[in-house]
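The values are calculated or read from the model by the stated rules, or taken from the named source; none is laboratory data. These numbers come from a predicted model, not from an experiment. Note that each Cβ is placed from the backbone with ideal geometry, even for glycine, and that neighbours are counted across all protein chains shown.
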Amino acid sequence: MKSVIFVFAVLLLPASAWAALPLITDDTATQGKGKSLLEVSAIYNEDKSSEDGIAINENDHAFFSTLTYGITDRVDVFISLLYVWSHVQTEGSNITTGGISDTALGVKWRLFEKDEVSFAVKPVMIIPTGNEEKGLGTGRTRYGANLIITKEFDPSAIHANLGYIRNENKIDERNDLWQVSLATTYEMVKNLQLCADIGAITNTDKTSEVEPSYLLVGLIYSANDNVDISLGVKFGLNEPATDWALLPGVTYRF
């Protein structure tokens, strides 16, 4: 089921404290000692596929929030909460599922920076707060880490991520999952940035060797120094990936 892939992708990618909504790829920026960041976003996606000649229409909705706190100038901690609704329609069948999904806890540590190049690592633990029988989680604690590289070019920047998750689960998914992605931002005019993001993740389905991949484009508007408003559109680049998704979001710094 692509709904499981959808939930996992939400947890692995954006829930690891998006540095700049609506991007999935993170950057190396940290909040600074004693400063906080609240990100609130929604995802709406549609996907059409077929299995054994039966047409499947799936609509997924998710609402999540990530709270990040700077314990030093170079180290952040974060928690991300996710709520998911999924509606799957086939010939003569309609199934709707909703509830709390798994919860992510993690740390980002900016290890190095010089000449506008910086590196960070982000270990993460995903706690099984979702019901795996309903497709809202995996039923076991997962853990992993993300390597992040940022290169700044005024007025743009490039970010690269390489991530791994040990996908312990009760639902017969692959255990070793990798994610790679690349993103860029460009300030077109003052307070308005254009962004793009491309990436792929290991398919959790053991029967498939095709890795779901995506392309995302979006805008980030800085209403003031503390508030950003964002909107992104994500497109699936191959059959296992969700066809398309809309990602509105708000970021608040305090």
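A compact table of results
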{"quantity": "Whichever residue in region 39-60 is in contact (Cβ under 8 Å) with a residue 60 or more places away in the chain and among the β-branched types (Val, Ile, Thr) and, among such residues, is surrounded by the most Cβ atoms within 10 Å (Cβ to Cβ)", "calculated": "ILE43"}
{"quantity": "Given (1) more than 22 Å from GLY139 (Cβ to Cβ); (2) of a type in the set (D, E, K, R); (3) within 18 Å of the chain's Cα centre (by Cα); (4) buried (at least 21 other Cβ atoms within 10 Å of the Cβ), number of the condition ARG110 does not satisfy", "calculated": "(3)"}
{"quantity": "Candidate set: region 174-194, residues that are without any contact (Cβ under 8 Å) to a residue 24 or more places away in the chain and touching a strand residue (DSSP E or B) at 6+ places or on another chain (Cβ under 9 Å); chosen: the one surrounded by the most Cβ atoms within 10 Å (Cβ to Cβ)", "calculated": "VAL180"}
{"quantity": "Test: residue in region 105-123 that is free of Cβ contacts under 8 Å to residues at least 60 places away in the same chain and among the polar types (S, T, N, Q)", "calculated": "no"}
{"quantity": "Leading residue by the ranking (surrounded by the fewest Cβ atoms within 10 Å (Cβ to Cβ)) among those in region 132-158 that are polar (S, T, N, Q) and under 30 Å from GLU173 (Cα atoms)", "calculated": "THR141"}
{"quantity": "Filtered residue count, region 124-140, keeping only those that are touching a strand residue (DSSP E or B) at 6+ places or on another chain (Cβ under 7 Å) and touching a residue at least 24 places away in the same chain (Cβ under 8 Å)", "calculated": "9"}
{"quantity": "Which numbered condition SER208 fails, given (1) in contact with a Cys (Cβ under 7 Å, 6 or more places away or on another chain); (2) at pLDDT below 90", "calculated": "(1)"}
{"quantity": "Residue count for region 202-254, restricted to those that are under 20 Å from HIS61 (Cα atoms) and not in a loop (DSSP other than H, G, I, E, B)", "calculated": "22"}
{"quantity": "Residues of region 88-107 satisfying the condition of being more than 19 Å from THR129 (Cα to Cα) and surrounded by 16 or more Cβ atoms within 10 Å (Cβ to Cβ)", "calculated": "VAL88, VAL107"}
{"quantity": "The lone exception for GLU187 - which of (1) over 18 Å from the mean Cα position of the chain (by Cα); (2) within 24 Å of HIS61 (Cβ to Cβ); (3) assigned to a strand (DSSP E or B) it fails", "calculated": "(2)"}
{"quantity": "Any hit, region 219-242, residues being among the hydrophobic types (A, V, I, L, M, F, W, C) and within 24 Å of PHE119 (Cα to Cα)", "calculated": "yes"}
{"quantity": "Pairs, first under 16 Å from VAL124 (Cα atoms) in region 61-79, second in a strand (DSSP E or B) and polar (S, T, N, Q), C-beta under 6 Å, six or more apart", "calculated": "THR66/SER80; TYR69/SER36; ASP76/THR68; PHE78/THR66; PHE78/THR68"}
